[in-house]
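The values are calculated or read from the model by the stated rules, or taken from the named source; none is laboratory data. Predicted model, so just to flag it, every value in this text is computed and none were measured. Cβ placement follows ideal geometry from the backbone for every residue including glycine, while neighbour counts extend to all protein chains displayed. The area values use the complete protein model at the heavy-atom level, side chains included, leaving out ligands, DNA and RNA. Shrake-Rupley method; radii C 1.70, N 1.55, O 1.52, S 1.80 Å.
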Amino acid sequence: MRSLLTGVSLAAVLLGGCNTTHTVYVDAGVPLGKACPNGDECYNGAVCAEGECTLPCTAPGDCQAGYACRPLAERQNELTCVKVTYAATTTVGKNCAIDDTVCGEGEYCYKRIAADPDAYCSRDCTDDRDCPATTYCQFVVADEGGTDDGCGRMEKKVCVKKNTFCAPCLFDSDCDLPGGGLCVADDHGGKFCTTTCIPHSTNPWDPNRSTCPQPHSDCVDRDGVNVCMHRYGSCVGDGSLCAPCRTRHDCAGTALCYGNTYSKEKFCTAVCGADSPCPTTQSFTCLTFTDSTLPAACASQCLNYSPGFDPADSNTYPTNPKYPTCWPDAAGVP
């Protein structure tokens, strides 16, 4: 956008003091961070997003201080420099297992268990722009505060570290996995954190078929690099029984996102009962969690156990070797 300016003083500067009036066109674009109410006030290279001029981006380093490279819905999820709400001095992600006073203002020590050696500083969030790049905004069980998740448990959204297989990501630098991580595209349009691997066998029943530590993953080629990928093809599915999930919100109705404590596999269950029996395929069992705080609408869920499992062995989250699973050491959807 150009402005038409005329004036003796401007011409005098350009022409060494002559008082001849000239017409001069200058760039009148609005600086970054300024309002763009009409949507067309931003200068070359800048875009109008969320009512202000900002920049498109392709990498974290493309954005100025106070901004982060994130997909923006109003721009069809194109990567855009958006304002963040966390301070440049944030301690989110810093270990606080020994000293929880290391967490900054408005932040706290997030622990998954009472004496969590991997506890780290976190903060409440609404979406990912509230969290530094190596963390993301996720629902977790709330010790205090929060809202009912629809199944009798209190939850809230906090910044969670991207230090596990299947954490969502945009760039390799987001992934804080042991030994380094990669951010890889899945089969359904998303991206997830993973690691490289070495294939040993093409037999899907071979538990040592690759160096992938997750029994529910396979070592596959992605752009010439062997990486561990969930057998489903992505880390979040369609919400149906056995679809992978990160939280209960990824599952249909009052189904749970069940976490296998051994393999770290997470998958959607399905509510079951006399009128809604479990599938007869695999080894699905309608299990009622009798010692939990789950309301009746959520207490009975279909889980897939290894052959020979007796529900009487355990009606809590199982601690015996017969862990429930949906993606065992075999290829294909259960």
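Summary of computed values
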| quantity | calculated |
| --- | --- |
| Candidate set from segment 16-51 (those that are within 13 Å of V82 (Cα to Cα) and of a type in the set (A, V, I, L, M, F, W, C)); member that is modelled with the lowest pLDDT | L32 |
| Cross-chain or 6+ apart pairs with Cβ under 6 Å, segment 237-264 first and hydroxyl-bearing (S, T, Y), then in a loop (DSSP other than H, G, I, E, B) | T254/C151; Y258/T269; Y262/Y323; S263/P215 |
| Residue among E74, E105, E78 that alone is farther than 24 Å from T58 by Cα and of a type outside the set (A, V, I, L, M) | E105 |
| Every residue from segment 63-77 that is part of a strand (DSSP E or B) and exposed (fewer than 15 other Cβ atoms within 10 Å of the Cβ) | P71 |
| Filtered residues of segment 107-122 (kept if outside any loop (DSSP other than H, G, I, E, B) and touching a Ser or Thr at 6+ places or on another chain (Cβ under 7 Å)) | Y108, Y110, C121 |
| Selection count where residues are crowded, with 23+ Cβ neighbours inside 10 Å, closer than 20 Å to L294 by Cβ and among the acidic types (D, E), scope segment 225-267 | 0 |
| Failed item, numbered, when T54 is tested on (1) at pLDDT 85 or above; (2) within 30 Å of C169 (Cα to Cα); (3) surrounded by fewer than 12 Cβ atoms within 10 Å (Cβ to Cβ) | (3) |
| Among residues of segment 225-265, those that are at pLDDT below 90, closer than 18 Å to K162 by Cα and not in a loop (DSSP other than H, G, I, E, B), counted | 1 |
| Yes/no for T80 being of a type in the set (S, T, N, Q), surrounded by 15 or more Cβ atoms within 10 Å (Cβ to Cβ), closer than 30 Å to G145 by Cα and at pLDDT 90 or above | no |
| Pick from segment 123-180, criterion among the β-branched types (V, I, T) and in a loop (DSSP other than H, G, I, E, B), ranking: farthest from C96 (Cα to Cα) | T126 |
| Where a residue in segment 124-135 is farther than 12 Å from T90 by Cβ and its partner, wherever it lies, is open to solvent by 20 Å² or more (accessible area, probe 1.4 Å) and polar (S, T, N, Q), with Cβ under 9 Å and at least six apart | T126/T85; R129/T85 |
| Given (1) under 21 Å from G189 (Cα atoms); (2) within 17 Å of the chain's Cα centre (by Cα), index of the condition K264 fails | (1) |
| Residue under evaluation A142, criteria (1) open to solvent by less than 30 Å² (accessible area, probe 1.4 Å); (2) in contact (Cβ under 8 Å) with a residue 24 or more places away in the chain; (3) within 30 Å of F289 (Cβ to Cβ), criterion not met | (2) |
| Residue in segment 216-224 that is within 20 Å of A133 (Cα to Cα), open to solvent by less than 40 Å² (accessible area, probe 1.4 Å), modelled with pLDDT under 90 and in a loop (DSSP other than H, G, I, E, B) present | no |
| Unique residue being assigned to a loop (DSSP other than H, G, I, E, B), modelled with pLDDT of 85 or more, open to solvent by less than 70 Å² (accessible area, probe 1.4 Å) and within 28 Å of G233 (Cα to Cα) when the list is C278, C302, C286, C326 | C278 |
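Residues are listed down the side, and each one gets a yes or a no for (1) in a loop (DSSP other than H, G, I, E, B); (2) open to solvent by 70 Å² or more (accessible area, probe 1.4 Å); (3) more than 23 Å from T126 (Cβ to Cβ):
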position	(1), (2), (3)
G61	no, yes, yes
A87	yes, no, no
T90	yes, no, no
G93	yes, no, no
I98	yes, yes, yes
